[in-house]
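Student: Could you have a look at this structure, given as structure tokens, before my questions?
The values are calculated or read from the model by the stated rules, or taken from the named source; none is laboratory data. Nothing here was measured: the structure is a model prediction, and the numbers come from that model. Ideal geometry is used to build each Cβ from the backbone, glycine not excepted, and the neighbour counts take in all protein chains shown. Note: areas computed on protein heavy atoms with side chains; ligands, DNA, RNA excluded. Shrake-Rupley method; radii C 1.70, N 1.55, O 1.52, S 1.80 Å.
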Amino acid sequence: MKKFHSILFLCVLSGSLMLFFSCGKKTATEEEISQMKEEPKMDVQRQEFGQLPDGQLVDLYVLTNGNGMEARIMTYGATLVSLSVPDKEGNFADITLGCDSLEGYLAASPYFGATVGRYANRIAKGKFILDGVEYTLAANNGENHLHGGSKGYDKVLWQAGTIRRENEVGAKFVYLSKDDEEGYPGNLNCAVTYMLTDRDELKIGYEAETDKPTPVNLTHHSYFNLAGQGNGYILDHELMLNADQYTPVDAGLIPTGEIRDVAGTPMDFTIPHTIGERIAQVEGGYDHNFVLRSGGGELELAARVSEPRSGRIMEVYTTEPGIQFYSGNFLDGSITGKAGKVYYKHYGFCLEPQHFPDSPNKPDFPSAILRPGETYQTQTTLKFSIE
Ligand code: GLA
């Protein structure tokens with residue numbers, strides 16, 4: 001009898017334990033579901049992205065806002081790896097071209113999403129004279145210097161940290177570019193700050209200080225496709241450029257020094273046109289610096305792009321006096337990017353706010369020289385909406 005009671009007791013105990021644990025489990029599942037349904041919130045997280053051949057680790061900063069937008073930036077090249085934005089139906093897509101892994105970026109990247117420096121775009125023959133001294137930079141684009149040289153800021157590891165404010169989150173990336181690096185004079189302390197706001201803006205701020213006079217021109221080099229990365233040509237995107245003039249170039253894409261009116265030419269985007277409408281009339285496609293009406297200094301609207309099917313709109317605001325509009329002419333299908341997408345010619349466009357190309361050799365262009373004691377400070381904001 002006693003034995004029977006103990007068996008009964010054990011059965012009751014195990015039964016209630018089972019019930020207890022299954023109830024516990026049920027509650028956990030409900031929690032998981034409610035977590036899955038949780039509203040997106042403003043946050044910034046650091047993750048590991050990969051490892052450089054020399055063993056250094058590359059981090060990824062993931063910025064999210066309350067509307068579900070997400071920007072991922074890695075410390076290699078202070079590069080925007082992806083930017084997820086909703087369309088008019090509320091469906092999110094990554095609208096920047098790039099690679100799934102660090103290895104992809106190391107193997108072949110035509111500056112996908114990168115921070116470009118010390119001098120964005122071209123310097124003729126890689127030479128300039130500053131205060132009577134001639135400097136020679138790497139010639140990495142035919143006889144010319146492009147985007148900071150063989151190992152520009154897009155190919156170095158930046159140090160980073162997170163930033164959290166009331167209506168925005170972000171990450172600050174810093175890099176010390178040593179005196180004589182790629183031939184440039186002076187130690188340049190640079191910082192790039194990416195902030196994602198609750199107004200669907202990605203704000204990119206640049207700061208630099210030097211100990212010798214040097215040219216500085218930092219920009220952002222994302223290739224955009226507002227229909228989603230890898231989803232076809234950008235030729236049907238509508239573009240407005242807030243520029244009455246542009247700087248014509250020679251065969252090596254070096255400005256001739258002339259500042260020419262866009263009126264009556266395929267370069268006139270003061271009223272929106274699709275990118276493809278007149279591109280056949282522009283030899284090689286668009287790869288030109290536009291002279292912004294603002295003249296630089298204040299944060300003003302430089303460009304507006306819209307994609308008809310998705311309804312996505314991107315506005316570019318900048319304090320820079322110029323913007324390079326590049327229609328992805330050198331993409332040729334040789335790179336397979338994110339999600340196995342192949343990037344063909346005109347699959348992405350770039351809008352690179354900047355000082356004019358070859359300014360160090362063009363005394364009539366706005367000066368791009370930074371001197372000791374001064375602080376280089378520029379700002380570009382990408383603002384997203386739908387129509
Ligand atoms: C810039 C230049 C282009 C090209 C790309 C990178 O947009 O103006 O000529 O070099 O970068 O491929």
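Student: Out of everything in segment 311-370 that is part of a strand (DSSP E or B) and polar (S, T, N, Q), what residue ends up being nearest to the ligand (Cβ to nearest atom)?
Tutor: Per the criteria, the residue is 324.
Student: Would you mind stating whether residue 182 is modelled with pLDDT under 95 and more than 15 Å from the ligand (Cβ to nearest atom)?
Tutor: Answer is no for this residue.
Student: Kindly indicate the residue of segment 254-287 that is in contact with an Asp or Glu (Cβ under 6 Å, 6 or more places away or on another chain) and hydrophobic (A, V, I, L, M, F, W, C) and also farthest from residue 355 (Cα to Cα) among those meeting that condition.
Tutor: Looking at the filtered set, the residue picked out is 262.
Student: Next up: Do the conditions hold for residue 112, that is, is it in contact (Cβ under 8 Å) with a residue 40 or more places away in the chain and either more than 14 Å from the ligand (Cβ to nearest atom) or touching a strand residue (DSSP E or B) at 6+ places or on another chain (Cβ under 9 Å) (or both)?
Tutor: Answer is yes for this residue.
Student: Which residues, counting only those in segment 249-308, are among the small types (Gly, Ala, Ser), within 27 Å of residue 363 (Cβ to Cβ) and away from the ligand (no atom under 16 Å from the Cβ)?
Tutor: If the condition is that a residue be among the small types (Gly, Ala, Ser), within 27 Å of residue 363 (Cβ to Cβ) and away from the ligand (no atom under 16 Å from the Cβ), then 257, 263, 294, 295, 296, 297 are the ones that fit.
Student: Another question, then. Does segment 109-128 include one or more residues that are crowded, with 19+ Cβ neighbours inside 10 Å, of a type in the set (D, E, K, R) and within 15 Å of the chain's Cα centre (by Cα)?
Tutor: No, segment 109-128 contains no residue that is crowded, with 19+ Cβ neighbours inside 10 Å, of a type in the set (D, E, K, R) and within 15 Å of the chain's Cα centre (by Cα).
Student: Among (1) out of contact with any strand residue (DSSP E or B) (no Cβ under 9 Å at 6 or more places or on another chain); (2) in contact (Cβ under 8 Å) with a residue 60 or more places away in the chain, there is one condition residue 371 misses while meeting the rest; what is its number?
Tutor: Only one criterion is unmet by residue 371, namely (1).
Student: Please go through (1) within 19 Å of the chain's Cα centre (by Cα); (2) open to solvent by 30 Å² or more (accessible area, probe 1.4 Å); (3) more than 16 Å from the ligand (Cβ to nearest atom) for residue 57 and return the number of the only condition it doesn't satisfy.
Tutor: (1)
Student: Restricting attention to segment 171-203, which residues are open to solvent by 60 Å² or more (accessible area, probe 1.4 Å) and in contact (Cβ under 8 Å) with a residue 40 or more places away in the chain?
Tutor: The answer is 198, 199.
Student: In addition: Being within 15 Å of the ligand (Cβ to nearest atom) and among the aliphatic types (A, V, I, L, M) is the filter here; which residues of segment 83-109 pass it?
Tutor: 97, 108
Student: If we keep just the residues of segment 238-269 that are within 20 Å of residue 381 (Cβ to Cβ) and in contact with a Phe, Trp or Tyr (Cβ under 7 Å, 6 or more places away or on another chain), which is surrounded by the fewest Cβ atoms within 10 Å (Cβ to Cβ)?
Tutor: 240
Student: Quick one: is residue 168 open to solvent by 10 Å² or more (accessible area, probe 1.4 Å) and in contact (Cβ under 8 Å) with a residue 60 or more places away in the chain?
Tutor: Against the criterion (open to solvent by 10 Å² or more (accessible area, probe 1.4 Å) and in contact (Cβ under 8 Å) with a residue 60 or more places away in the chain), residue 168 qualifies.
Student: Restricting to segment 270-294, name every residue that is open to solvent by less than 50 Å² (accessible area, probe 1.4 Å) and either without any contact (Cβ under 8 Å) to a residue 40 or more places away in the chain or acidic (Asp, Glu) (or both).
Tutor: 270, 273, 274, 278, 282, 287
Student: Taking residue 152 and the conditions (1) over 25 Å from residue 215 (Cα atoms); (2) within 13 Å of the ligand (Cβ to nearest atom), which numbered condition does it fall short on, given that it satisfies the others?
Tutor: (1)
Student: Also, I was wondering about something else. Cβ contacts < 9 Å: first residue assigned to a helix (DSSP H, G or I) and modelled with pLDDT of 95 or more, restricted to segment 130-155; second residue more than 13 Å from the ligand (Cβ to nearest atom) and aliphatic (A, V, I, L, M), any location; separation 6+ or different chain. Result?
Tutor: The qualifying pairs are 153/78; 153/192; 153/218; 154/78; 155/106.
Student: Under 9 Å between Cβ atoms, at least 6 apart or on separate chains: pull out the pairs that start in segment 204-221 with a residue that is more than 21 Å from residue 326 (Cα to Cα) and at pLDDT 95 or above and end on any residue that is buried (at least 22 other Cβ atoms within 10 Å of the Cβ) and basic (Lys, Arg).
Tutor: Listed by first residue and then by second, the contacts come to 208/118; 214/118; 215/118.
Student: Could I ask something else about it? Just the residues that are of a type in the set (Val, Ile, Thr), part of a strand (DSSP E or B) and either within 16 Å of the ligand (Cβ to nearest atom) or under 13 Å from the mean Cα position of the chain (by Cα) (or both), please, taken from segment 195-243.
Tutor: Within segment 195-243, 204, 219 qualify.
Student: So which residues in segment 305-319 are open to solvent by 30 Å² or more (accessible area, probe 1.4 Å) and either under 16 Å from the mean Cα position of the chain (by Cα) or closer than 13 Å to residue 202 by Cα (or both)?
Tutor: Scanning segment 305-319 gives 315, 317.
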